[in-house]
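Notes follow once the structure below has been shown.
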Amino acid sequence: VLSSSLPRLVREFVAQNNASQIKHVIQILSQEFALSQHPHSRKGGLIGLAACSIALGKDSGLYLKELIEPVLTCFNDADSRLRYYACEALYNIVKVARGSVLPHFNVLFDGLSKLAADPDPNVKSGSELLDRLLKDIVTESNQFDLVGFIPLLRERIYSNNQYARQFIISWILVLESVPDINLLDYLPEILDGLFQILGDNSKEIRKMCEVALGEFLKEIKKNPSSVKFAEMANILVIHCQAADDLIQLTAMCWMREFIQLAGRVMLPYSSGILTAVLPCLSYDDRKKNIKEVANVCNQSLMKLVIPEDDEMDEAKQSMTLPAEPTSEESVSKPETASSGESELDITALNQPLSFPCSSERIQVTLNLDGIVQVLDCHLHDTSIGMMTRIAVLKWLYHLYIKTPRKMFRHTDSLFPILLRTLSDESDEVILKDLEVLAEIASSPAGQTEGHGPSDGSDVRPGPVELHIPARAGQLSSSGMKALECSPSTPTMNSYFYKFMINLLKRFSSERKLLETRGAFIIR
């Protein structure tokens with residue numbers, strides 16, 4: 001009855017423009033058949049709804065909600081044969097309606113994403129046919145509602161099922177290929193999910209995901225001005241620290257491109273980037289690729305720090321930098337302050353998402369406090385490799401050269417660990433450490449009032465302090481003569497005196513350091 005008289009009946013109603021009767025027929029097919037308790041009735045209802053859609057032809061678009069909903073309900077049927085009939089019915093409905101189904105895309109996608117993981121091979125095969133048809137419709141249409149689809153995609157991308165993941169990636173690849181659909185605008189919404197799928201156990205899925213990410217990166221390089229770099233920076237920071245080599249290498253390659261394309265937009269995220277990049281610099285040859293890309297990231301990020309970062313007015317400094325410790329605080333507790341700061345650093349490292357987006361800032365500023373915390377923490381970590389320690393010291397030297405005024409706020413807390421680093425087993429580390437200490441000792445930025453030595457035991461009366469050049473007259477005549485005879489000698493600030501006293505103390509307490517490294521350090 002359904003196969004012969006129903007289409008004729010529906011066509012008659014269409015010819016009469018009798019919408020109420022058409023809706024009545026669809027309602028009966030839905031409520032009394034497709035949603036019936038009896039399997040045979042449900043099967044008949046599904047066949048009837050498909051036949052009704054075919055009879056309606058182009059007019060089926062007017063009744064799609066009523067046609068689609070009962071069929072999608074049958075996608076959840078316990079009987080695999082009925083799930084297959086539901087696929088078949090929906091295929092026929094969509095084939096007739098074509099572009100008219102796009103307003104209902106989200107519910108169709110939702111249903112298909114579940115069938116993609118169906119245990120029955122026939123159902124899965126039927127869903128794949130429907131999936132291909134829907135992809136063809138989306139590809140040829142310019143009416144796709146991407147804004148409405150993104151929340152569903154963002155939710156489904158976190159599925160752990162391999163078939164569902166494959167389904168999701170296949171759709172991302174299709175949407176990327178449609179010129180009228182700009183998926184790049186919404187990449188921050190799905191990038192984290194893509195990196196998670198990249199760690200799938202299936203080689204095929206990993207390859208598909210690599211291709212999708214590769215296409216996005218190509219698009220980013222072509223249109224960097226429209227990319228939301230800041231919104232994705234912390235996502236990359238997290239995945240640059242992944243245990244999975246493919247995820248880590250891919251994220252690091254993205255980070256390299258982001259730093260080079262976005263430039264100073266990435267500066268507010270420097271602390272997180274360094275947390276991810278610095279440990280990679282000590283990788284062995286088994287992770288040579290990651291190490292090489294991490295090295296480029298590190299060098300590129302360092303170049304973004306410029307002298308202008310040191311020229312912030314005092315009002316802004318008071319907002320962005322902590323107040324300097326009073327002389328009493330710095331004199332009485334230098335070591336305690338240092339160890340306390342180290343604990344804070346470790347906490348900060350565990351929260352890479354705490355940095356604000358650059359879009360929230362009127363002007364990109366250097367988060368020096370955060371960077372110094374990360375560098376200090378890595379110097380305190382005895383387990384890190386030699387190349388990482390060298391990179392940390394290069395960073396400190398670079399910051400003292402480019403932003404000396406701001407860096408001298410951190411000198412008291414950095415000084416103890418820089419002194420301890422002189423006991424390092426690597427000559428190269430010690431050389432870099434001495435470069436940093438020499439820069440601290442000779443920098444004019446350290447010759448201002450309020451930046452004197454913090455170790456109370458080292459403080460001497462006026463005549464022996466090497467503060468400001470104008471005080472040179474207070475030196476002994478022989479000292480004065482030496483300075484006059486060597487005009488090229490840099491005028492040392494109070495940290496030179498502090499360093500020398502502390503170095504002699506270390507030689508006195510660590511005889512082994514004196515014997516093995518004494519001549520090397522002094523020279």
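Please treat every number below as a calculation from the coordinates, not as lab data. Predicted model only: the values in this text are computed from it and were never measured. FYI the Cβ positions are ideal-geometry reconstructions off the backbone, even for glycines, and counts take in every protein chain you see.
Taken over the range 204-249, the percentage of Cα pairs per 10 Å bin, counting from 0 up to the bin with the maximum distance, is 24, 48, 27, 1. Neighbours of Leu146, meaning other residues whose beta-carbon lies under 10 angstrom from its beta-carbon, give a summed charge of -3 when Lys and Arg score +1 and Asp and Glu score -1. Within the shell of other residues whose beta carbon sits under 11 angstrom from the beta carbon of Leu175, the net charge comes to -2, with Lys and Arg scored +1 and Asp and Glu -1.
Computed over neighbours whose Cβ is under 10 Å from that of Ala55, the net charge equals 0, Lys and Arg +1, Asp and Glu -1. When a/c reaches 1.5 or more, the comparison of a/b and b/c decides; with that in mind, is the range 389-436 rounded, prolate or oblate per its Cα gyration tensor? In terms of gyration-tensor shape, oblate. The magnitude of the dipole of the range 69-152, with charges of +1 and -1 set on the Cβ of Lys/Arg and Asp/Glu and taken from the Cα centre, is near 120 debye.
Each of Leu393, Thr403, Ile417 was scored by the projection of its Cα onto the charge dipole of the range 381-433, and the greatest displacement toward the positive side belongs to Thr403; charges sit on the C-beta of Lys, Arg, Asp and Glu.
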